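Notes for the one structure printed next.
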């Protein structure tokens with residue numbers, strides 16, 4: 001066999017091995033990690049934005065919480081599984097409500113804090129985004145651990161890492177709205193609507209844009225469209 005023929009044969013063998021899954025353990029683990037991460041993201045997208053009713057949403061999130069628990073155990077110490085554990089648990093807490101919701105929210109917080117310890121920049125700073133959202137949605141003392149000051153700090157850090165992202169802009173706009181800072185909220189919601197699409201998560205993008213549009217309409221009702229234009233002209237970074 002000539003050297004050229006041998007090279008071609010080796011390339012074909014390598015391609016066949018990749019196709020059949022006959023790849024090294026490290027490469028296989030990376031492939032498994034990315035595949036499962038995307039599958040969990042898609043499952044959350046489906047639960048959050050295409051459930052037929054609140055009962056189905058709650059059931060889907062409960063099932064997903066068990067799946068993400070296994071993901072965290074399989075990749076102990078990785079930030080990305082911890083981030084998605086926090087996201088799923090916080091969403092499940094919101095869907096479940098009642099006395100059990102607070103314990104789920106605390107577990108979500110702990111997972112997100114652990115993710116920050118592992119890698120604060122993972123998934124474009126999503127741990128900061130999710131912590132910020134969690135801290136302003138959970139009731140404050142004496143019922144829960146909610147804290148608008150901490151929410152503001154976390155969301156500002158998220159925007160420093162991912163200033164164009166749809167989620168940090170939406171949640172910071174939502175926080176400002178809940179604080180009755182309507183003129184300040186508007187530009188962040190508009191920036192969320194203009195955020196670059198996430199090609200692998202079209203359902204999440206469309207769902208979040210719908211939320212941003214709905215909240216922006218409420219901003220316009222509070223201050224009027226002309227006032228929103230003025231707010232845009234004076235908008236700055238947080």
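Worth a mention:
For (1) more than 16 Å from the chain's Cα centre (by Cα); (2) outside any helix (DSSP H, G or I); (3) in contact (Cβ under 8 Å) with a residue 12 or more places away in the chain; (4) assigned by TED's automatic domain parsing to the domain that holds residue 44, each residue gets a yes or a no:
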residue: 173; (1), (2), (3), (4): no, no, yes, no
residue: 180; (1), (2), (3), (4): yes, yes, no, no
residue: 184; (1), (2), (3), (4): yes, no, yes, no
residue: 187; (1), (2), (3), (4): yes, no, yes, no
residue: 191; (1), (2), (3), (4): yes, no, yes, no
residue: 200; (1), (2), (3), (4): no, yes, yes, no
residue: 204; (1), (2), (3), (4): no, no, yes, no
residue: 207; (1), (2), (3), (4): no, no, yes, no
residue: 214; (1), (2), (3), (4): yes, no, no, no
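- When residues of segment 45-62 are limited to those that are under 14 Å from the mean Cα position of the chain (by Cα) and closer than 21 Å to residue 98 by Cα, the one surrounded by the fewest Cβ atoms within 10 Å (Cβ to Cβ): 48
- Residue within segment 141-154 that is crowded, with 23+ Cβ neighbours inside 10 Å, farther than 23 Å from residue 225 by Cα and in contact with a helix residue (DSSP H, G or I) (Cβ under 8 Å, 6 or more places away or on another chain) present: yes
- Residue 156, sole failed condition from (1) more than 15 Å from the chain's Cα centre (by Cα); (2) free of Cβ contacts under 8 Å to residues at least 60 places away in the same chain: (2)
- Helices (runs of 4 or more DSSP H) contained in segment 1-86 and holding at least 2 residues under 25 Å from residue 122 (Cβ atoms), in the same structural domain as residue 103 (by TED's automatic domain parsing) and modelled with pLDDT of 95 or more: 25-49, 54-74
- Scoring residue 93 on the criteria (1) outside the structural domain of residue 215 (by TED's automatic domain parsing); (2) over 15 Å from the mean Cα position of the chain (by Cα); (3) surrounded by fewer than 23 Cβ atoms within 10 Å (Cβ to Cβ); (4) not in a loop (DSSP other than H, G, I, E, B) leaves a single failure, condition (3).
- Evaluating residue 132 against the criteria (1) part of a helix (DSSP H, G or I); (2) more than 16 Å from the chain's Cα centre (by Cα) leaves one unmet condition, (2).
- Tabulated pairs, segment 111-124, first farther than 22 Å from residue 198 by Cα, second part of a loop (DSSP other than H, G, I, E, B), C-beta under 8 angstrom, 6+ apart or interchain: 118/77; 118/78
- Among all residues of segment 96-104, there is none that is assigned to a helix (DSSP H, G or I), under 15 Å from the mean Cα position of the chain (by Cα) and within 27 Å of residue 203 (Cβ to Cβ).
The values are calculated or read from the model by the stated rules, or taken from the named source; none is laboratory data. Here the structure is a predicted model, which means the values were calculated and not measured. With ideal geometry, Cβ positions are generated from the backbone for all residues, glycine too; neighbour counts draw on all protein chains shown.
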